[in-house]
Amino acid sequence: MKVLLSAFACEPHRGSEPEVGWKWALHLAEIGHEVWVLTRSESRPAIEAELVRLCEKRLHFGYCDLPEPIRWWGKGGRKLSLYVHYALWQWRAVRVARDLHARQGFDRVHHVTFAGVRAPSFMGTLGIPFMFGPVAGGERAPWKLRCGYGLEGWLLDALRDLANATVRFNPLMLRTFACATTIYVTSRDTLGLLPRAHRKKAVIELAIGSEDEAADFTADLAERRRSDTTFHVLYVGQFLYLKGMHLGIPAFAHLVKARPDARLTMIGHGSARTRWQKLAERLGIAAKIDWQPWLRRAELAKFYASHQVMLFPSLHDSGGMVVLESLAHGMPVVCLNIGGPGIIVTNDCGRLVDVAGKPKAEVIAKLGQALIDLTDEDTRLQLASGAQQRSRDFCWQKKVARIYGGGV
């Protein structure tokens with residue numbers, strides 16, 4: 001089958017959306033499809049270097065860019081300017097796609113990035129089956145749990161709620177949904193944003209995936225835990241209001257009361273760091289927390305191997321790559337039953353805390369009790385085995401096989 005991928009972001013070894021675009025392209029080619037990817041030329045050096053290394057003959061790339069005078073819209077990291085850049089890129093990319101289709105005769109087109117329910121794609125106008133997603137963005141933080149955000153967090157989440165409320169009326173999104181043969185969404189919340197007429201062709205599927213084969217770390221973890229009596233909790237991610245550590249840090253304080261030797265490692269960066277540090281000081285646990293700068297994925301491996309539990313109380317993460325990586329390393333995850341983590345984590349590999357209708361104090365107490373429960377080594381080692389097994393359910397090979405039927 002000849003497949004055209006629309007991937008605004010696509011680059012190997014970069015993480016986040018670029019990694020999603022690259023993984024779709026690579027794994028489709030690996031199962032025997034002839035794959036063309038339409039993306040931006042800023043990723044071209046990294047892509048071509050990786051293609052030389054892989055010697056993959058079924059994977060081809062076409063590059064499309066906006067004219068230089070307006071390309072600055074995508075610079076600077078601002079979400080609004082990035083989305084404007086993306087929308088303009090889509091208008092230009094669909095014309096390039098028509099030319100490619102006229103020459104190559106694709107069997108289907110699949111939009112994979114941006115993977116957002118508020119980000120339209122015009123690839124459905126090519127006249128061939130059009131797959132849209134998996135797309136995310138419908139996850140919503142409960143109002144009761146927003147206390148502790150700070151003013152900026154409140155405003156940003158309110159604007160996000162407003163933007164989501166317009167999805168069913170946005171003519172560009174309505175056209176995208178109508179043209180799609182199949183719509184993949186990352187959560188039940190995002191499914192709920194679709195107009196009812198289009199939900200029947202929607203399937204829940206995470207946008208992210210794990211490495212194909214997770215190594216068995218259980219024996220190493222058991223040996224390390226026998227030699228280290230300190231209970232280590234890990235958080236990895238951006239230091240932003242939406243990541244929920246205004247709940248996680250008080251939950252860790254509950255753990256410290258039961259296990260005074262416990263320590264929390266915070267790896268990342270972001271604007272909420274000062275707020276979270278002041279919260280830890282008020283709770284009297286500042287000396288129990290180690291703050292680390294953002295690390296590359298390869299450097300995170302030693303932290304996954306030296307910590308017992310991942311604490312990830314994110315309030316509207318559609319995926320949660322660090323959750324999958326933790327599970328692959330045999331580390332149970334404590335998270336909220338929201339968004340991607342709420343789909344990934346089960347009671348066989350971690351602990352989910354239900355937030356529906358729950359006040360902030362109750363959610364914090366339940367997160368703390370979940371951490372305390374996992375200080376029991378027998379429970380934790382049983383979950384470690386389940387964690388590795390669960391991570392394999394989300395490997396890229398299985399994901400591509402579910403959607404494309406396993407091969408050509």
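Need the C-alpha centroid separation for segment 274-303 versus segment 120-162, integer Å. Here the answer is 28 Å between Cα centres.
For Glu139, nonlocal amide neighbours, meaning residues 5 or more places apart or on other chains whose placed amide H falls under 5 Å from its own, are Thr190. Cross-link check: pairs Lys257/Lys278; Lys302/Lys360; Lys2/Lys398 evaluated at a Cα-Cα cut-off of 23 Å; pairs beyond the cut-off: Lys302/Lys360. The label-point distance for Thr346 and Ala102, in a model that sets each label 7 Å from Cα toward Cβ, rounds to 5.0 nm. Sorted from greatest to least, the principal axis extents spanned by the alpha carbons of segment 218-392 come out as 38, 32, 32 Å.
Note on the chain: GNM, Cα springs under 10 Å; of Gly209, Gly32, Gly137, the largest mean-square fluctuation is that of Gly32. Among Arg282, Arg140, Arg392, the residue with the largest mean-square fluctuation in a Gaussian network model of the chain, with springs joining Cα atoms closer than 10 Å, is Arg282. Close amide H contacts of Ala262 (hydrogens built in the peptide plane, cut-off under 5 Å, sequence separation of 5 or more or a different chain): Phe231. A simple spin-label model places the labels of Thr125 and Tyr63 2.5 nm from each other, with each point 7 Å out along Cα-to-Cβ. Taking label points 7 Å from Cα along the Cα-to-Cβ direction, Trp154 and Leu283 give a separation of 2.2 nm.
For the chain, the longest principal axis of the C-alpha atoms and the axis of helix 151-165 are separated by about 40°.
Peptide packing for 106-117, 341-352, 251-262 was compared via the average number of neighbouring C-beta atoms within 10 Å per residue; ordered from the highest value, the list is 106-117, 341-352, 251-262. Extension gain for Arg196 to Trp291 (0.36 nm times residue separation, less C-alpha to C-alpha distance): 29.7 nm. 3J(HN,Hα) along segment 242-253, derived from phi through the Karplus expression 6.51 cos²θ - 1.76 cosθ + 1.60 where θ = phi - 60°, amounts to 6, 7, x, 6, 5, 9, x, 5, x, 5, 5, 4 Hz, with x in place of Gly and Pro. Couplings for segment 46-57, taken from phi via the Karplus curve 6.51 cos²θ - 1.76 cosθ + 1.60 with θ = phi - 60°, read 5, 5, 5, 5, 6, 5, 4, 5, 7, 6, 8, 8 Hz in order; Gly and Pro are left as x. Close amide H partners of Ser314, meaning residues 5 or more places away or on another chain with modelled amide H under 5 Å apart, are Leu336.
Here the Karplus curve 6.51 cos²θ - 1.76 cosθ + 1.60, taken at θ = phi - 60°, turns the phi angles of segment 82-96 into couplings of 5, 5, 5, 4, 4, 4, 5, 4, 4, 4, 6, 5, 5, 5, 5 Hz, with x standing for Gly and Pro.
Size check on the chain: the Cα extents along the three principal axes, sorted descending, read 67, 44, 41 Å. Pairing the Cα long axis of helix 16-30 with the longest principal axis of the chain, what angle in degrees results, from 0 to 90 and rounded to the nearest 10? Result, in degrees: 60. When each of the peptides 235-241, 162-168 is scored by the mean number of other C-beta atoms lying within 10 Å of its residues, the order from highest to lowest reads 235-241, 162-168.
In the elastic network of the chain, a GNM with C-alpha springs shorter than 10 Å, the most mobile of Val84, Val323, Val20 is Val84.
Rule-based calculations on the coordinates, nothing more; no lab input. Since we're looking at a predicted model, the values are computed, not measured. Methodologically, a virtual Cβ is constructed for each residue, glycine included, from the backbone with ideal geometry; neighbour enumeration extends over all protein chains shown.
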